[in-house]
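Step one of this worksheet: look at the structure below.
The values are calculated or read from the model by the stated rules, or taken from the named source; none is laboratory data. Treat the numbers as computed from the prediction; the structure is a model and nothing was measured. Glycine also receives a Cβ, built like all others from the backbone with ideal geometry; neighbour counts cover every protein chain displayed.
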Amino acid sequence: MSTPQIRIPITRPAVGREEADAAAEAIMSGALAQGPRVAEFERRFAELVDVKHAIAVANGTLAEEAIIQGLGIKPGDEIITVGHTFSATAASILRAGATPRFVDIDPVTWLMDPAAAAAAITPKTKALMPVHLFGLIADMSALGALAAKHNLAMIEDACQAVGATQNGKQAGSFGVGAFSLYATKNITSGEGGMITTNDDSLNEWLRAFRSQGAKVRYLHEMLGTNYRMTDIAAAIGIVQLGKLDQFTAARVTAAARYDALLAGAPIVRQGTPAGNLHVYHQYTVHVGPARDEIVKDLANDGIGTGVYYPIPVSQQPYIKERGLDVVLPVTDALAKGCLSLPMFAAITAAEQEEVAASLRRAVERHGGSAWPA
Ligand SMILES: Cc1ncc(COP(=O)(O)O)c(C=O)c1O
């Protein structure tokens with residue numbers, strides 16, 4: 001059988017002439033590496049998140065690795081995170097020399113379950129690292145209280161959640177935030193990452209660390225590295241940041257349209273508690289054990305889907321190899337039965353109608369969901 005032609009993809013990057021012009025201007029200025037545009041991007045990003053400092057780096061994975069090292073977390077120390085996340089969350093913990101301890105997610109929000117996190121704390125625990133997956137912020141009141149009680153650092157994996165808010169506070173402003181600006185994210189700089197913090201000494205450490213450990217050129221006071229962002233990337237990021245509100249509004253409208261079009265279908269959505277602005281990096285549904293058949297049916301109708309993630313990071317080979325794998329019932333059930341629908345700022349109502357009709361046919365044919373697990 002030939003591969004079906006996808007007409008409605010899972011995402012379409014929202015970049016064009018303005019981003020191209022900004023990148024060209026950076027190139028023509030001669031400032032290609034980290035320069036004035038990176039500084040401006042950082043200033044604007046800090047303003048958005050409402051924190052004192054934003055530090056640009058090469059990508060979100062390195063943002064996380066840098067934060068962990070900057071907080072002084074060392075080999076033997078443990079960081080509590082979720083199994084329902086992209087590999088980078090756990091990989092950055094291991095790369096920084098620490099040990100990830102995976103806990104389950106809440107069955108409604110699909111984000112870190114505060115009770116599970118509380119139960120996993122040991123004398124070795126140094127930080128909580130919730131993941132604001134799909135664009136929804138984890139329960140930061142409960143997790144913040146837990147971190148304060150046990151004197152733990154709070155690292156927010158906000159890689160998918162730029163612009164999301166909880167009770168009026170931005171993702172990345174509850175602890176130290178890590179953002180990704182990868183090509184498919186709600187805003188992009190091609191590749192890129194951003195760290196947000198109110199901690200002056202962490203800010204200073206991170207700025208030196210990303211530039212070979214030097215505050216003054218060629219005086220390397222500490223062991224550093226090169227995690228810098230280019231001015232070309234920052235130029236694109238600045239343009240994108242200016243469009244964030246418009247992109248978020250379009251995604252929220254599209255999500256509400258899916259909600260209405262799929263009302264009554266045998267599927268389960270990620271639950272959004274009151275007080276949250278979900279920015280819908282992904283619109284994800286649990287369709288149940290026939291997920292792979294349903295994905296095929298949608299593809300045959302020309303509709304792209306994503307599965308985030310088919311194997312929980314808590315079950316990945318490199319985690320098993322290290323004896324860190326755990327069985328997490330909610331996480332494992334979600335991995336077997338979830339799929340994400342096409343979601344991007346420019347998706348049209350007609351495209352969404354087609355997606356919803358195709359999904360309805362598929363779940364009728366194969367049977368849908370049986371959540372909660
Ligand atoms: C939840 C999560 N964490 C970390 C990352 C890593 O970001 P990057 O791809 O920019 O390294 C991503 C993005 O892909 C992500 O979605």
Open item on the list: Testing Leu48 on (1) of a type outside the set (Val, Ile, Thr); (2) in a strand (DSSP E or B); (3) more than 13 Å from the ligand (Cβ to nearest atom), one condition comes back false. Which one is that?
Closed with: (2)
TODO: Go over the candidates Thr85, Thr61 one by one and state the one that is within 12 Å of the ligand (Cβ to nearest atom) and outside any loop (DSSP other than H, G, I, E, B).
DONE: Thr61
Open item on the list: I need every pair where a residue in the stretch 160-172 that is farther than 15 Å from Ala46 by Cα has its Cβ under 9 Å from the Cβ of a residue that is among the acidic types (Asp, Glu), sequence separation at least 6 or different chains.
Closed with: Gln166/Asp139
TODO: Restricting attention to the stretch 275-295, report how many residues are within 21 Å of Trp371 (Cβ to Cβ) and away from the ligand (no atom under 16 Å from the Cβ).
DONE: 12
- [ ] Look at the stretch 165-196 and say how many of its residues are under 19 Å from Ala147 (Cβ atoms) and within 13 Å of the ligand (Cβ to nearest atom).
- [x] 5
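In this structure, does Asp245 turn out to be touching a residue at least 40 places away in the same chain (Cβ under 8 Å), charged (D, E, K, R) and surrounded by fewer than 16 Cβ atoms within 10 Å (Cβ to Cβ)? First the steps, then the outcome.
Working: touching a residue at least 40 places away in the same chain (Cβ under 8 Å): yes; charged (D, E, K, R): yes; surrounded by fewer than 16 Cβ atoms within 10 Å (Cβ to Cβ): yes.
Considered against the rule, which asks whether it is touching a residue at least 40 places away in the same chain (Cβ under 8 Å), charged (D, E, K, R) and surrounded by fewer than 16 Cβ atoms within 10 Å (Cβ to Cβ), Asp245 comes out as yes.
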Task: Cβ-Cβ under 7 Å pairs, at least 6 apart or on other chains, the stretch 19-42 side touching a residue at least 12 places away in the same chain (Cβ under 8 Å), far side hydroxyl-bearing (Ser, Thr, Tyr) and surrounded by 14 or more Cβ atoms within 10 Å (Cβ to Cβ) - done: Leu32/Thr230; Ala33/Thr230; Gln34/Thr230
Task: Conditions (1) part of a strand (DSSP E or B); (2) over 17 Å from the mean Cα position of the chain (by Cα); (3) within 16 Å of the ligand (Cβ to nearest atom); number of the one not met by Ile236 - done: (1)
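Can you name every residue in the stretch 102-121 that is surrounded by fewer than 23 Cβ atoms within 10 Å (Cβ to Cβ), outside any loop (DSSP other than H, G, I, E, B) and touching a residue at least 12 places away in the same chain (Cβ under 8 Å)?
Pro114, Ala116, Ala118, Ala119, Ala120, listed by residue number.
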Task: Tally of residues being closer than 23 Å to Arg7 by Cβ, in a helix (DSSP H, G or I) and of a type outside the set (D, E, K, R) across the stretch 322-373 - done: 11
- [ ] Would you be able to say whether some residue in the stretch 6-20 is within 16 Å of the ligand (Cβ to nearest atom), in contact with a strand residue (DSSP E or B) (Cβ under 7 Å, 6 or more places away or on another chain), outside the structural domain of Lys296 (by TED's automatic domain parsing) and part of a helix (DSSP H, G or I)?
- [x] no
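When you look at Thr61, is it surrounded by fewer than 24 Cβ atoms within 10 Å (Cβ to Cβ), within 17 Å of the chain's Cα centre (by Cα) and of a type outside the set (Phe, Trp, Tyr), yes or no?
On the way: surrounded by fewer than 24 Cβ atoms within 10 Å (Cβ to Cβ): yes; within 17 Å of the chain's Cα centre (by Cα): yes; of a type outside the set (Phe, Trp, Tyr): yes.
Judged against the criteria, Thr61 is a match.
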Open item on the list: Kindly evaluate Ala142 against the criterion of being over 21 Å from the mean Cα position of the chain (by Cα) and farther than 15 Å from Ala178 by Cβ.
Closed with: no
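Name the residues in the stretch 163-220 that are part of a loop (DSSP other than H, G, I, E, B), hydrophobic (A, V, I, L, M, F, W, C) and buried (at least 18 other Cβ atoms within 10 Å of the Cβ), would you?
Correct list: Ala164, Ala171, Phe174, Leu181, Ile187.
Scan Tyr318, Tyr280 and give me the residue that is of a type in the set (Phe, Trp, Tyr) and outside any loop (DSSP other than H, G, I, E, B). Show your work before the answer.
On the way: Tyr280 fails: outside any loop (DSSP other than H, G, I, E, B).
The match here is Tyr318.
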